[in-house]
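The values are calculated or read from the model by the stated rules, or taken from the named source; none is laboratory data. Quick caveat, the model's predicted, so the values are computed rather than measured. Note: ideal-geometry Cβ built from the backbone for every residue, glycine included; neighbour counts use all protein chains shown.
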Amino acid sequence: MAYHTRSNSFPSRSHPLIQEVDEQLCRLTSFEASSTSSSSISHQLNCLQDLHDCVDILLQLPLTQQALAQEKHEKWANELLDGSLRLLDICSTAKDALLLTKECIQNLQSIVRRRGGGESDVLASEVRKYLTSRKMVKKSLHKTMGNLKEMENKSNFSSLNKDQETIAIISKLREVEAVTRTMFEPILSFISGPKVSSSWSFISKMLQSKRVASLACEEETEVNQFAEVDAALKSHKSLDNAQNQLNNLESCIQDQEEGLECLFRQLIKTRVSLLNILNH
């Protein structure tokens, strides 16, 4: 990864909130080698909320406001403001992807519940709409993930003098932005779902992994609910058999929507705080 969390970036007399931000960053970096599942994504979102809650409190400190309000630091303050907008755009993209997928799922479920013998064409049409919407979602998410990679490669904190505590605060806020961008990558990737060359091979591997996990009593097999539904619908089997997957995906989306919405509100608070400081 392009960022490195350094707990010794600040003098020993640093404000406790700065140290707490560092601790939150360390918690997030521990996800680097962790698994990607619905539960881990939800946990990451919770950790991001905690991190930005600390940041919002940090921005209320007189020391922080004085540092950002200084004319010689205007460039860095404006960069933080631009970064806050980038994070809001990324979060908004993820939210839109979930909303579009959820709407298609609910339409499918509604048709299945009321389906009669003469509605097979309607059902087939709705399945096509779902698969088409998923292509749009994946295209949008892949583009955003590509942009994230470019931002990550351009990140550079070396130009800041970390021996000064006020400058160190700005450096830490920039690091928060970089870590947050990076943590969005697995979230967007999970919503997009892994690329599957064959829906049948995906289902076969999924069933095989479940049997192995059951026999060996190992840790629960990770399942991407988005990929499950995509594969089930592409297989052209009865949609009745996909009801469980649809229900599981809807529940997964609900959890992630709530997490992203809370994080989105927190990011807005951060941006408003930055604007207030710069316009003071």
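Details
- Inclusion of SER201 among residues that are modelled with pLDDT under 65 and of a type in the set (Gly, Ala, Ser) is warranted.
- Tally, over the stretch 242-258, of residues that are crowded, with 20+ Cβ neighbours inside 10 Å and either under 12 Å from VAL55 (Cα atoms) or in contact (Cβ under 8 Å) with a residue 24 or more places away in the chain (or both): 5
- For VAL223, the conditions (1) farther than 24 Å from SER125 by Cβ; (2) in a helix (DSSP H, G or I); (3) modelled with pLDDT under 90 are fulfilled apart from (2).
- Test for SER39: is it modelled with pLDDT of 85 or more, among the hydroxyl-bearing types (Ser, Thr, Tyr) and touching a Lys or Arg at 6+ places or on another chain (Cβ under 8 Å): no
- Some residue of the stretch 115-123 being out of contact with any helix residue (DSSP H, G or I) (no Cβ under 9 Å at 6 or more places or on another chain) and at pLDDT 85 or above: no
- For the stretch 175-195, the criterion of being more than 17 Å from GLN44 (Cα to Cα), modelled with pLDDT under 50, part of a loop (DSSP other than H, G, I, E, B) and out of contact with any helix residue (DSSP H, G or I) (no Cβ under 8 Å at 6 or more places or on another chain) is met by none of the residues.
- Complete set of residues in the stretch 53-97 that are in a helix (DSSP H, G or I), among the aliphatic types (A, V, I, L, M) and surrounded by 20 or more Cβ atoms within 10 Å (Cβ to Cβ): VAL55, LEU58, ALA67, LEU68, LEU80, LEU87, ILE90, ALA94, ALA97
- Residue list for the stretch 9-36, restricted to those being surrounded by 11 or more Cβ atoms within 10 Å (Cβ to Cβ), charged (D, E, K, R) and either modelled with pLDDT under 85 or more than 14 Å from THR182 (Cα to Cα) (or both): GLU20, ASP22, GLU23
- Condition check for LEU81: within 20 Å of VAL272 (Cα to Cα) and under 12 Å from the mean Cα position of the chain (by Cα): no
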